Every structure is written in C-alpha cells, then in structure tokens.
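The values are calculated or read from the model by the stated rules, or taken from the named source; none is laboratory data. The model shown is predicted, which means the values in this text are computed figures rather than measured ones. So basically every Cβ, Gly included, is an ideal-geometry build from the backbone, and we count neighbours across all protein chains shown.
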Amino acid sequence: MQGTVVKSTGKWYWVKTEDGEVLRSRIVGKIRLTKKKTTNPVAVGDLVELEISYEEDENIGKIKKVLKRTNYVVRQSPRRKHEVHLLAANVDQAIIIMTIAQPMLKQGFIDRFLLTTAPYNIPTIIVFNKADVYGEDDMAMYHYLKEIYEKIGYTVRLTSAEEGTGIQEIKDILKDKVTLVAGQSGVGKSTLVNAVQPELDIFTYEISEHSGKGQHTTTFAEMHELDFGGSIIDTPGIKMLSFNNLEKKDVAHNFLEFFELSSECKFGGNCLHRSEPKCAVKEAVESGEASELRYINYLTLLNEVEDQNYWERHDM
C-alpha cells in the first residue's frame with residue numbers, strides 16, 4: 001500500500017493512504033535517503049510504501065520504503081549540529097513569511113531560507129505580513145526589498161492577516177499546489193494561514209510582551225488540504241538556519257544572480273567573488289547592478305560555511 005506522509009511528530013508519522021484513510025505509522029528498519037545523517041529520515045510530503053498491522057485496537061502503518069523524491073528542503077538540525085533535518089519533501093513551491101515590524105525584520109533570514117530552496121529550483125514566494133502595523137519607514141523598507149527580490153525573479157507580496165490585505169492573492173498562489181510554508185516565530189504565519197482558510201484553525205499566540213519575540217505555535221510539521229485546491233505544509237517557527245550540509249561552492253552557485261554573472265568572471269564558476277581579480281559580481285555590486293545587501297549576506301554565509309569546522313561538516 002502507498003500513501004503520503006501528512007504529519008510528523010518525530011517518532012510517529014501519519015500517512016494518508018490512496019483510499020483516504022489516515023494511519024498512525026512508524027518506520028520499520030533503517031531508512032536513509034541522503035548522504036547526511038538525518039534527525040527524521042521521513043518528512044511530511046514523502047510518498048511511502050507501508051504495511052498495516054492491527055495493534056491495541058487500531059490499524060498501525062509500518063513504513064517500509066520511501067519512494068524517490070522530486071525535491072526536499074533541508075536545514076541543519078538545531079539540536080544535533082552533525083545532522084540535518086528535513087522540513088518537507090515533494091513540494092511545488094515554498095512561501096517564506098516575514099514581517100518588517102513586530103518583531104523587527106531580520107532580513108538576512110530571507111537569504112538563508114532561499115539557500116534551502118534554490119538547490120532544487122523550488123519557486124519561492126516572499127510574503128511580508130502584518131502590513132497593518134507598518135509605519136512610513138517600514139513601507140519604504142518593504143518597497144526596497146521588493147525591488148531587490150523581484151529583480152532576481154522572486155515573487156514578493158504584502159499581506160495583513162488582521163485586515164485581509166493580500167489574502168486573495170495568497171489563495172491564488174496556493175491554489176492546486178503543494179506549498180511549504182515557513183517563517184520565523186512571531187511573523188504571524190499561523191494567523192495568515194488561518195486567514196487563508198479559517199476552517200484549519202491553526203493554534204496561534206501573540207508576541208511576548210516581555211521579549212518582543214514570537215512564541216512557537218506550530219510544534220510539528222503537518223500537511224493541510226485547502227478547500228479551494230492544493231495543500232500547505234505548515235512547519236514550526238524557525239529561530240535560525242545554519243548549514244552543515246553546504247560547501248563554499250554551494251553558497252556561490254545558489255545565489256542565483258551571482259552564479260549567472262560568474263560566467264563573466266576571470267575564474268568563471270570557480271570564482272567565490274571575494275578577492276579574486278576581474279570578478280563580474282563585485283563589479284556589478286559596485287555599479288549598483290547587483291544588490292549590495294544580497295552581496296553582504298552572501299559573504300556572511302560564505303564565511304560561516306568556510307569557518308565551520310571541516311569535520312563538523314564531513315563526519316556524518
């Protein structure tokens with residue numbers, strides 16, 4: 001029997017079978033699908049083969065095999081620095097939800113997230129939520145970032161879950177697609193999802209008055225079907241993204257506009273765009289053709305991957 005993993009809580013997985021039944025399931029044997037050690041070898045969105053056994057008055061699924069993935073989104077495990085954590089598999093697109101205010105914008109997180117989707121060419125939409133609390137300076141920042149990311153091919157949208165701004169646009173984006181939805185804690189991800197389809201009633205919290213930061217509301221990944229077509233994979237709020245699974249060239253090749261320019265560099269695809277002579281990327285940044293902000297984030301990530309202990313990244 002085959003099915004799709006629709007929920008993961010670590011030890012247990014819920015699998016929706018081809019006939020619509022959802023079975024609480026567990027892994028049987030060892031499953032390892034990547035070269036890296038994973039905290040969760042099976043992810044929401046995975047297509048699996050399973051057997052059914054009757055235990056303690058319920059049908060239990062036994063996951064025997066994970067079918068070939070079309071793509072997956074992975075991050076470094078926040079608790080086990082030598083391992084990686086699968087956020088989702090077999091997605092059509094991803095949405096990263098941000099906000100300019102409440103909590104304060106952490107723009108570098110956008111480029112970190114894009115580094116998880118770019119390797120598989122997963123279309124990614126950047127959504128700035130909580131527009132109802134933006135002041136004049138916040139809106140200026142939104143338009144500044146919108147110009148940067150739309151210039152390099154990303155879709156950028158402005159929403160307010162509280163006022164309903166942009167909700168229909170988000171519905172149109174989600175329709176008939178499997179979409180990974182991610183964001184840092186406190187950006188209003190769950191509130192926005194509830195505004196798109198109130199029947200889901202995903203649990204939400206307000207921003208902590210003490211810290212000014214968001215509280216985790218989603219504690220595990222789960223797939224939700226949308227009544228207007230498609231489904232979303234809702235993920236826990238992400239505090240930070242690190243990359244024990246990347247090399248320097250992975251960073252260079254997945255800042256897509258820089259990689260496109262690298263064909264004009266003296267050292268071509270081997271150029272890391274730092275101190276190399278006749279670097280087309282540095283020239284583009286200096287002339288304003290390429291974003292200086294993106295370049296600064298690129299250098300930060302490149303140095304971070306380079307400085308990470310070699311054996312931390314390879315002893316997996």
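From (1) part of a loop (DSSP other than H, G, I, E, B); (2) outside the structural domain of Ile122 (by TED's automatic domain parsing); (3) not hydroxyl-bearing (Ser, Thr, Tyr), pick out the condition that doesn't hold for Phe259.
Going through the list (1) part of a loop (DSSP other than H, G, I, E, B); (2) outside the structural domain of Ile122 (by TED's automatic domain parsing); (3) not hydroxyl-bearing (Ser, Thr, Tyr), Phe259 breaks only (1).
Just one of Gly45, Gly20, Gly10, Gly29 is outside the structural domain of Lys130 (by TED's automatic domain parsing), closer than 30 Å to Ser185 by Cβ and surrounded by fewer than 18 Cβ atoms within 10 Å (Cβ to Cβ); which is it?
Numbers: Gly45 fails: surrounded by fewer than 18 Cβ atoms within 10 Å (Cβ to Cβ); Gly20 fails: closer than 30 Å to Ser185 by Cβ; Gly29 fails: closer than 30 Å to Ser185 by Cβ.
Answer to the selection: Gly10.
With the condition being at pLDDT below 95 and surrounded by fewer than 23 Cβ atoms within 10 Å (Cβ to Cβ), I'd like the helices (runs of 4 or more DSSP H) fully within the range 88-196 carrying at least 2 qualifying residues. Working first, answer last.
Numbers: elements: 108-117, 136-151, 167-174, 189-196.
Ranges flagged: 108-117, 189-196.
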